[in-house]
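*Asks:* Before I ask anything, let me first share the structure, which is written out below as structure tokens.
The values are calculated or read from the model by the stated rules, or taken from the named source; none is laboratory data. This is a predicted model, so every value here is computed, not measured. We place every Cβ from the backbone using ideal geometry, glycine too, and count neighbours over all the protein chains shown. Heavy atoms of the whole protein, side chains included, go into the accessibility calculation; ligands, DNA and RNA do not. Shrake-Rupley method; radii C 1.70, N 1.55, O 1.52, S 1.80 Å.
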Amino acid sequence: MEFETLNKDGLARRGILTTCHGVIKTPFFMTIATLGAIKGITTNEISDIGGEIILSNTYHLHLRPGDNIIKNLGGLHTFMNWDKPILTDSGGFQVFSLQKIRKITDEGVEFLSHIDGKKLFIGPRESIQIQENLGSDIAMCFDECAPYPSDYEYALSALKRTTRWAKICKETHKNPNQSLFGIVQGVNYRDLRIQSAKELTDIGFDGYAIGGLSVGEPNSIMYEVLSYTVPYLPQDKPRYLMGVGTPLDILEAVERGIDMFDCVLPTRNARHGYLFTSLGPIHIKNSKYKEDNTPLDPNCSCYVCKNYSKAYLRHLFVSKELLSLRLNSYHNIYFYQKLMKDIRASIESNKFHSFKKKFLSIYQTTL
């Protein structure tokens, strides 16, 4: 993998990330394909929308259909018919999200499968082996994502475990066609975040992620953590903010030097009728759209906005038509890809700050 910064506007960076399956323009947003599928959308449609990379889930694919099966069928790219880059998370987030059915030790994490209750174990070695079987372009180190809030002692313990596991991940990782990223932890403790960033940099990775954010903390804390953590990450490596987020969060993070994002919001919100527009988000189920014959977003040129009215989209949603899931998801993903394209253009022209100010002056979060 190669990363090159082409333009800078303050701390905001515009660059390119080159992988074995193609070049990705940064900053970028990864649509979530947890089980090797984006809910309601085909890989061809994602490509048409402008998506250059997707994210799949190590833990879930290990359980079903099984990473060895995927390997034997040609790898995840072939399995899901996607010829562009894929990032796989490590399974570390499930350490956070599956707290009730897991047990952490220094060697790794013992889970009870959410499918059938069977015991399984994933540690740093197992995580890397699964990701190598999947054949993703970017693999993530196995880490412990401490919850917010956490007391200092627990946060320190999770940081030490994350660093130990990162060393094992690097020693285990053998695939020359797959990049490996380390993940900074430390909750909201400045000294721990800096310590984590320094320790991972000393180990040396192809890129660096900031984890353990967007897990319930106020936005102000997230932005503060980014402000004092990013300066301790290498300038010549991509920086990835995991699990984030809203358009506002993305703009604030880009302003602080972040290059990569992922979040479930575009598709999850689509399933609940919560749609993003240039004027702000709307709930399409609201009765005021029952006879609204205007496009969902007057400033959007996606297939949905060019062909369907708010009234029709509301009708599909309240009628629980499957087409509602498809059209809502298509539009929301398009909105995110268009936002990232506009961000990149603004950095290229040294107008990011004015773009951010104009976007937020129009984008109302209470429509």
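*Asks:* Which of Asn177, Asn57, Asn332 ends up with the largest GNM mean-square fluctuation for the chain, with Cα atoms connected below 10 Å?
*Replies:* Asn177
*Asks:* Counting heavy atoms of the protein chains only and a 1.4 Å probe, report the per residue accessible area for the range 284-367 as a whole number of Å².
*Replies:* 57
*Asks:* Please work out whether the chain counts as rounded, prolate or oblate from its C-alpha gyration tensor, where a ≥ b ≥ c are the square roots of the eigenvalues and a/c under 1.5 means rounded, while otherwise a/b larger than b/c means prolate and anything else oblate?
*Replies:* prolate
*Asks:* Averaging sequence separations of C-alpha pairs under 8 Å and six or more residues apart, then dividing by the length of the range 187-294, give the relative contact order as a whole percent.
*Replies:* RCO, the range 187-294: 22 percent.
*Asks:* Still on this model: Using a 1.4 Å probe on the protein chains only, how many percent of the accessible area of the range 189-266 belongs to carbon and sulfur?
*Replies:* 50
*Asks:* Grab the range 40-150 and count how many Lys pairs have their alpha-carbon atoms under 20 Å apart, sequence gap of 8 or more, or different chains. Display every interim value, and only then the final one.
*Replies:* On the way: Lys71/Lys84; Lys100/Lys118; Lys100/Lys119; Lys103/Lys118; Lys103/Lys119.
Close lysine pairs under the 20 Å cut-off: 5.
*Asks:* Report the residue, chosen from Pro176, Pro124, Pro27, that carries the largest GNM mean-square fluctuation when the chain is represented by alpha-carbon nodes joined by springs under 10 Å.
*Replies:* Pro176
*Asks:* While we're here: Could you list the square roots of 5 times each eigenvalue of the Cα gyration tensor of the range 134-276, that is, the equivalent ellipsoid semi-axes, sorted largest first and rounded to whole Å?
*Replies:* The equivalent ellipsoid of the range 134-276 has semi-axes of 24, 19, 15 Å.
*Asks:* Rounded to whole Hz and in sequence order, give me ³J(HN,Hα) for the range 81-94 from the Karplus expression 6.51 cos²θ - 1.76 cosθ + 1.60, θ = phi - 60°, writing x for Gly and Pro.
*Replies:* Here the 3J(HN,Hα) series is 6, 9, 9, 10, x, 10, 10, 10, 6, 8, x, x, 5, 5 Hz.
*Asks:* If you don't mind, another one. Near Leu87, within a Cβ-to-Cβ distance under 12 Å, what is the net charge of the other residues, with Lys and Arg +1 and Asp and Glu -1?
*Replies:* The answer is -4.
*Asks:* Also, quick follow-up: Given the options Ala158, Asn177, Gly108, identify the residue whose Cα lies farthest towards the positive end of the charge dipole of the range 100-185 (+1 on Cβ of Lys, Arg; -1 on Cβ of Asp, Glu).
*Replies:* Comparing the listed Cα positions along the dipole, Gly108 ranks first.
*Asks:* Any idea of the accessible area per residue across the range 103-144, 1.4 Å probe, to the nearest Å²?
*Replies:* Value for the range 103-144: 40 Å² per residue.
*Asks:* About the Cα centre of the chain, how large is the charge dipole given +1 on each Lys and Arg Cβ and -1 on each Asp and Glu Cβ? Please answer in debye to the nearest 20.
*Replies:* 900
*Asks:* I need the trypsin sites (Lys or Arg not before Pro) found in the range 276-333, filtered to DSSP loop residues with at most 12 other beta carbons within 10 Å of theirs.
*Replies:* Sparse-neighbourhood loop trypsin sites (Lys or Arg not before Pro): Lys290, Lys320.
*Asks:* Hey, another quick one. Hey, got a sec? Which trypsin sites (Lys or Arg not before Pro) in the range 108-204 land in a DSSP loop and have at most 13 other Cβ atoms within 10 Å?
*Replies:* Sites meeting the loop and neighbour criteria: Lys118, Lys174.
*Asks:* Could you give the length gained by full extension between Thr201 and Ile101, i.e. 0.36 nm per residue of separation minus their alpha carbon distance, to one decimal place? Intermediate values should be presented prior to the final figure.
*Replies:* Working: separation 100, 0.36 × 100 = 36.00 nm, distance 3.23 nm.
So the extension gain works out to 32.8 nm.
*Asks:* Provide Rg and Dmax in Å for the range 258-315, with only Cα atoms included in the calculation.
*Replies:* According to the Cα coordinates of the range 258-315, Rg and Dmax are 12.4, 42 Å.
*Asks:* Please compute the modelled spin-label separation between Asn299 and Leu6, points set 7 Å along Cα→Cβ, answer in nm with one decimal.
*Replies:* Roughly 2.3 nm, to one decimal.
*Asks:* Extension gain Tyr154-Ser354, at 0.36 nm per residue separation less the Cα-Cα distance, in nm?
*Replies:* Result: 67.9 nm gained on full extension.
*Asks:* If I stretch the segment between Asn177 and Val318 completely, what's the gain in nm (0.36 nm per residue apart, minus their alpha carbon distance), one decimal?
*Replies:* Once the chain is fully extended between Asn177 and Val318, it gains 46.1 nm.
*Asks:* Right, next: Taking all pairs of different Cα atoms in the range 35-96, averaging 1/r and flipping that mean, what Kirkwood radius in angstroms comes out?
*Replies:* About 12.3 Å for the range 35-96.
*Asks:* Rank-order 294-302, 341-349 by packing density, defined as the average count of other C-beta atoms within 10 Å over each peptide's residues, highest first.
*Replies:* 341-349, 294-302
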